[in-house]
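The values are calculated or read from the model by the stated rules, or taken from the named source; none is laboratory data. If you're wondering where the values come from, they're calculated on a predicted model, not measured in any experiment. Here the Cβ is made from the backbone with ideal geometry for all residues, glycine too, and neighbour counts use every protein chain on show.
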Amino acid sequence: MLALAGERDIAPREFNLPATSDWRKLVMVFNSLEFDKVRLYAGVWGGQGGQFWIDDWTLEEVGPVNVLRRPGTPVTVRSADGATTHLEGKDYAPLRDPELNPYRVDREAMPLKVVPGGRIAEGDRLRVNWHHSMLIHDSQVTLCMGEPAVYEIFDHEMKLLAERLRPRRMMLNMDEVRMGGTCLACRGRPMGVLLGECITRATQIVRRHMPGAAVYVWSDMLDPNHNAHGGYYLVKGDFTGSWEHAPKDLIISVWGGAPRKESLRFFADRGFQTLVACYYDADDLKETQAWMAAARPLPKVRGFMYTPWTKKYGLLPAFGDLLVCEWPPDRLESSTCGTWGQQVKFGPRRYKLAPPPPRTLH
Ligand SMILES: [Zn+2]
């Protein structure tokens with residue numbers, strides 16, 4: 001299913017359905033935002049064989065589901081003419097969703113309950129404004145980088161991490177920032193600046209609890225050749241220039257699809273150290289070799305990360321062997337493998353690399 005406003009996909013959503021199954025009910029939410037026309041599609045794109053049916057397709061305006069309640073996302077209830085703003089708790093009962101769950105939208109909207117003795121009379125027409133979560137593709141939910149509580153939570157987590165594990169390297173899992181610029185905590189902020197500040201604050205918090213820790217970050221949101229641009233998913237604003245607001249001592253984990261020669265060059269030209277995050281569950285290491293070739297002429301390449309999305313570690317020994325053949329060991333500060341922030345360091349200058357113990361990889 002697809003909801004397009006102009007060329008903009010306003011509800012990027014995927015459903016992972018089995019090839020053969022009984023009827024399934026699929027439900028998705030879109031917010032028409034500032035648009036007055038939306039085109040809706042249902043179908044299969046790129047299908048090559050088989051049969052499927054779509055039936056009982058319905059479209060309905062929904063009330064408050066997954067209502068967000070934080071300082072940047074107030075609920076407002078006004079009279080239809082806008083003249084009266086009603087008070088939560090006095091005129092209407094608090095609109096809090098006890099079943100808040102961004103992964104579930106297939107349920108009844110909450111009723112707005114009128115408080116007896118308040119100013120809302122039977123038959124009054126109201127205008128109710130609220131913010132709600134959106135699920136992107138099949139799992140992505142974005143936080144707001146402008147909301148102060150984010151940094152309090154992060155600080156608490158880093159404190160615990162320092163107490164229990166004290167890692168020397170940290171990967172900030174800040175990639176694919178699909179939403180932003182739409183609530184009161186972030187609206188109107190230049191998104192590139194906001195993102196740079198968010199990464200800077202996160203880095204400062206990491207170092208406050210773990211002085212001297214090396215901080216890595218995924219490259220895409222800092223890379224104009226990848227996701228650092230305008231018109232990105234449901235973001236209102238433009239990530240262009242984000243790289244100018246990120247700390248210069250970050251190590252950029254360059255990733256994404258085919259070997260990204262221009263991305264590696266982009267970060268090298270700006271003096272960043274890079275970690276090349278390559279592989280992505282391929283059946284061979286041809287693309288990994290191409291990544292290595294692209295990185296070869298560049299300075300400050302700190303290492304290569306075996307990067308699977310699906311715990312496919314079969315080519316890890318060959319990856320290590322390839323790395324040792326292709327790259328003189330003294331050019332690398334570290335060779336790592338891992339997925340989504342999990343990293344395992346290989347011993348230096350070993351020419352036959354055994355896979356690390358499985359415990360560390362699951
Ligand atoms: Zn926000």
Can you spot a residue in region 171-184 that is at pLDDT below 95, assigned by TED's automatic domain parsing to the domain that holds Arg296 and either buried (at least 17 other Cβ atoms within 10 Å of the Cβ) or of a type in the set (Lys, Arg) (or both)? yes
Does Trp255 meet the test of being closer than 19 Å to Tyr306 by Cβ, in contact (Cβ under 8 Å) with a residue 40 or more places away in the chain and surrounded by fewer than 23 Cβ atoms within 10 Å (Cβ to Cβ)? yes
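Given the criterion β-branched (Val, Ile, Thr) and without any contact (Cβ under 8 Å) to a residue 24 or more places away in the chain, identify the matching residue among Val128, Val114. Write out each step before concluding.
Details: Val128 fails: without any contact (Cβ under 8 Å) to a residue 24 or more places away in the chain.
That would be Val114, the only listed residue that is β-branched (Val, Ile, Thr) and without any contact (Cβ under 8 Å) to a residue 24 or more places away in the chain.
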Sort out which residues of region 120-147 are assigned by TED's automatic domain parsing to the domain that holds Pro98, within 16 Å of the ligand (Cβ to nearest atom) and exposed (fewer than 15 other Cβ atoms within 10 Å of the Cβ), and write them in order of number. Asn129
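Could you tell me whether region 339-353 includes any residue that is in a strand (DSSP E or B), on the phi < 0 side of the Ramachandran plot, at pLDDT below 80 and among the β-branched types (Val, Ile, Thr)? Give the steps one after another, and end with the answer.
The initial filter retains those residues of region 339-353 that are in a strand (DSSP E or B), namely 344-345.
With the extra rule that they be on the phi < 0 side of the Ramachandran plot, the set shrinks to 344-345.
Subset that is at pLDDT below 80: 344-345.
Then keep just the ones that are among the β-branched types (Val, Ile, Thr); that gives 344.
Yes, the conditions are met somewhere in region 339-353.
Which ones in region 155-175 are under 22 Å from His245 (Cβ atoms) and more than 16 Å from the ligand (Cβ to nearest atom)?
Asp155, Met158, Met170, Met171, Leu172, Asn173, Asp175
Residues that are surrounded by 14 or more Cβ atoms within 10 Å (Cβ to Cβ): find the strands (runs of 3 or more DSSP E) completely inside region 1-115 holding 2 or more of those.
Details: elements: 2-5, 39-41, 76-79.
Ranges flagged: 2-5, 76-79.
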Going residue by residue through region 176-186, is there one that turns out to be without any contact (Cβ under 8 Å) to a residue 40 or more places away in the chain and within 16 Å of the ligand (Cβ to nearest atom)? no
Mind telling me which of the residues Arg208, Arg260 ends up being more than 30 Å from Leu4 (Cβ to Cβ) and not aromatic (Phe, Trp, Tyr)? Arg208
Residues of region 151-181 being within 16 Å of the chain's Cα centre (by Cα) and basic (Lys, Arg), in sequence order, are Arg178
Mind checking which residues of region 208-230 are among the small types (Gly, Ala, Ser) and in a loop (DSSP other than H, G, I, E, B)? Gly212, Ala213, Ser219, Ala228
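Condition check ((1) surrounded by 19 or more Cβ atoms within 10 Å (Cβ to Cβ); (2) in the same structural domain as Trp243 (by TED's automatic domain parsing); (3) more than 25 Å from Glu244 (Cα to Cα)) across all residues:
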| site | (1), (2), (3) |
| --- | --- |
| Phe272 | yes, yes, no |
| Cys278 | yes, yes, no |
| Lys286 | no, yes, yes |
| Met292 | yes, yes, yes |
| Pro299 | no, yes, no |
| Gly303 | yes, yes, no |
| Gly314 | no, yes, yes |
| Ala318 | no, yes, yes |
